[in-house]
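A quick write-up on the structure given underneath.
Computed from the coordinates by the stated procedures, all read-outs in this text should not be read as laboratory data. Every value quoted in this text rests on a predicted model; they were computed, and no experiment measured them. Here the Cβ positions follow ideal geometry from the backbone for every residue, glycine too, while neighbour counts run over all protein chains shown.
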Amino acid sequence: MRCRAASTALLALLLGCAATPAPDVVRPHQPEAATGLSQRSAVLVREQAVAAAHPLAAEAGWRMLRAGGTAVDAAIAAQLVLTLVEPQSSGIGGGAFLLHWDGRRLDAWDGRETAPAAVDERLFLDAQGRPLPFREAVVGGLSVGTPGVMRMLEAAHRAHGRLPWAQLFEPAIALAEEGFPVGERLHALLRSDEHLRRDPAAAVYFYRPDGHPHPVGHRLRNPALAAVLRTLAREGADAFYRGPIARSIVAKVRSHPTRPGYLSEADLAAYQPRRREALCSPWRTWRLCGFPPPSSGHLAIAQILGMLEHAAPPGPVLVTGQPGPDFLHAYAEASRLAFADRAQYVADPDFVTSPAGHWTSLLSPAYLAERARLIGPRAMQRAHPGRPGGRPSAWAPQPEAPERGTSHLSVLDREGRAVALTTTIEDAFGARLLVDGGTGRPGGFLLNNQLTDFAFVPADADGRPVANRVEPGKRPRSSMSPTLVFDRASGELVLNVGSPGGSLIIHYTAKALLGTLAWGLDAQQALDLPNFGTTGGPLLLEEGRFPPGTLEALRQRGHTVREAPMTSGAQALQRHPRGWLGGADPRREGAVRGE
C-alpha cells in the first residue's frame, strides 16, 4: 500500500476556529453519539481498494480482493465483519442498498426491509389514535421489519461474485470465534445507551455483571454469530429465512414484554430483494448515479445541487477553508425545497406512483430552475412541495421524523468493478433485540427497527394519505445514498462515495460531492470539512466547527441555527492521475485498504 499525506492544514484550521456553543442551546438528537475527531491522510492506491467503517471490515474486504475476488465479494466479506465489530450501525439483521458498476452496466440492488403482512397503517398509533413517542416505538418487536441484507447479498453474489460464497464468511467467522478488541467508539455507545442492557441476551454479551460495558481493549467473542455464519456459509441465505434462525428471529420479535411485533416466519420466507434501475442525472461535467426510491437520497442530492446552479452566490464558496455564510444560506434554502418534495412524493415505488409518471420529473432542469427562483436573500419560513410536470398530488406531506444510523463502504477491484454499499439497522443498536439464531450460545446479531422510517401518522387532517405510510409488504423510505460519479465525456468512473447519518446522509454525501468535484479538494479533505444541512427545520452546523461570525450572519438572514455533533461516517474513493485516493471520515473508525 502506498500513501500520500493529504493536507492536514485544512483540518487543523477548521478545528482551530471552533466556537464554544452556548450551554442552553437545544441540540437535535443525532443517529449515533460523537466520539471525537481524528486527523487522517488520503490513501493513494493503484487499482483496487476497500474503504469501510472499521479497519477489520476493510481488511476483510481487502483479503478477498487479494484472493482475486470481485468488488461484490469484498463488499460481502466487509459487511459480515461489520455485523460483528460495528453492531450499532448495521448487520445481517437489517437491510442495505448496493450500487454496482461492472464497467458497462449499473445495477441498484435493493435489500431494504419490508413491513410484515399482519401490520396496517395504524401500527405506531396508540389506542387513542395518537402517534407513539419515537423511542417507545423503536425499542421492541413492533419496529422490526423483515431483514433483507442476506437475500440481497446472495443475489448480488450470484450475478457479480467470483469467489466461493463460503470463502467470504471466513474473516467474520474467525473474528467472531477468536474475538476482537472493543474500540473506544463501541464502548462509548454501549455506555450511553439506556435500552440495550434491558434485553437479557444483549446484557450478557455487551456488558459485565455490574452493568458496565466491557472496557476498551476487551476481547469480545461471539460464538452465536460464528455458528450462524457457519450455517449461512454452508447452506446459503435460505438458512436465514427458513428453519431455526428464522424461528429464533420471530420468537424474539413476538415475545417482547412491552412492544411485541408482527413479523412471522412466512414474512421471512417470502422476502425477495429487488434489482432496480439506478437513477442518474447530469451535473456540470459529471453524471451522478444513485439509488431510486424507496431511497430519497439521490433525488434530494440532485435537486439540491441542481438548484444551487441557479441560486449559489458569486465569489468564493470556501471562506478560511470552510463553507461561508453566503453559500450556507443558499444550500439551506435549496435543501428545504428538496426535503419538501421528499416529504410529499417519495416512498416505495411498488406502492406509490412517481410524480408526472417518472421520478426524473423531480430533476428536470426547468423544474429545478423554477424551484430555485423561490430562494431569496432571507430564509423561508416554510418550504412547500412543488408540482413537477404541473400536476397536483393526492398525497399529504409527511411530517418530519427522526431517521437514524447506518454504515457505508466503497470498493473498487482491479478489473474496474465498483460497489457503493450503504447498510443499516436504523437506530443505534436497532430495536435492542439480540438474536442467537437458535444456537443457544452467547452473542448473536441485532435486529433492525426499520419500520420507524415509515410515517407514524398515515393521513393528514383532511384524510389525504401519506405516501410513506405503513402498509403490508412495503419498504420504508430511506435516505441512504450510495453514489457513483462518472465523467460525462469519457464515461470513466471518477468517484465512489456514501455515508451513514439518518436523513442527514443526504447532506453528508452532497458535501463530499461538492468538496471533491466543485471545490478541488481530495477525498480526505472533502470528508474533513465541517458538516451542515437542514431537513426543513433549523439549519444544523457541526458543533464547534464554524466561527461565531458565520452563525451570526446566518441568523441575520432569518435562519434558526443549531449546532450539533453531526456524526457522519463517509467513505470515498476518488480517481487520481496515479490511481485512486481513498478517504475515511475522521468522526468514526473508518479505514482504507488497497494497493
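A few points about this structure:
- Close amide H pairs (under 5 Å, H built 1.01 Å from N) link LEU495 with VAL485, ARG575, residues at least 5 positions away or on another chain.
- ASP120/GLU400 FRET efficiency (R0 30 Å; Cβ-Cβ; nearest 0.05): 0.85
- Phi to ³J(HN,Hα) by Karplus 6.51 cos²θ - 1.76 cosθ + 1.60 over the stretch 307-323, Hz, x for Gly, Pro: 5, 5, 4, 9, 10, 5, x, x, x, x, 7, 8, 10, 6, x, 8, x
- Under-5 Å amide H pairs with GLY179, H placed in peptide plane, nonlocal only: ASN222
- 5 angstrom amide H check on GLY533, placed H, neighbours 5+ away: LEU540
- Label-zone membership for the stretch 295-311, site ALA518, 7 angstrom Cα→C-beta point, backbone N under 18 Å: 297-311
- Protection-proxy order for peptides 210-218, 437-445, each taking the mean of Cβ atoms within 10 Å per residue, highest first: 437-445, 210-218
- Residue-wise HN-Hα couplings along the stretch 69-83, as the Karplus relation 6.51 cos²θ - 1.76 cosθ + 1.60 with θ = phi - 60° gives them from phi, are x, 8, 4, 5, 4, 5, 5, 5, 4, 5, 4, 5, 5, 4, 3 Hz; Gly and Pro carry x.
- The string of couplings for the stretch 282-290 from the Karplus curve (6.51, -1.76, 1.60, θ = phi - 60°) is x, 8, 6, 9, 10, 10, 8, 10, x Hz, one whole number per residue in order, with x for Gly and Pro.
- The length gained on full extension between VAL319 and ALA251, counted as 0.36 nm times the residue separation minus their Cα-Cα distance, comes to 18.9 nm.
- For ASP460, ASP453, order by how many other beta-carbon atoms lie within 10 Å, fewest first: ASP460, ASP453
- Relative contact order %, the chain, counting alpha carbon pairs below 8 Å whose residues are six or more apart: 27 percent
- Label-to-label distance for GLN381 and ARG414 is 6.3 nm, based on points extended 7 Å past Cα in the beta-carbon direction.
- With neighbour counts taken as other beta-carbon atoms within 10 Å, the residues MET566, MET480, MET150 rank, fewest first, as MET566, MET150, MET480.
- Report note on the peptides 290-296, 529-535: ranked by the mean count of other C-beta atoms within 10 Å, highest first, their order is 290-296, 529-535.
- Taking GLU177, GLU589, GLU426 and counting other C-beta atoms within 10 Å, the order from fewest to most: GLU177, GLU589, GLU426
- Remark: the HIS212-GLU184 segment gains 8.7 nm on full extension, using 0.36 nm per residue and subtracting the alpha carbon distance.
- Cα centroid separation, the stretch 475-518 to the stretch 197-227 (Å): 35 Å
- When each of the peptides 357-364, 92-99, 220-227, 502-509 is scored by how many other beta carbons lie within 10 Å of its residues on average, the order from highest to lowest is 92-99, 502-509, 220-227, 357-364.
- Stretched out straight at 0.36 nm per residue, the stretch from GLN128 to THR258 would grow longer than its current Cα-Cα span by 45.0 nm.
- Separation between Cα centres of the stretch 530-572 and the stretch 361-385, rounded to whole Å: 21 Å
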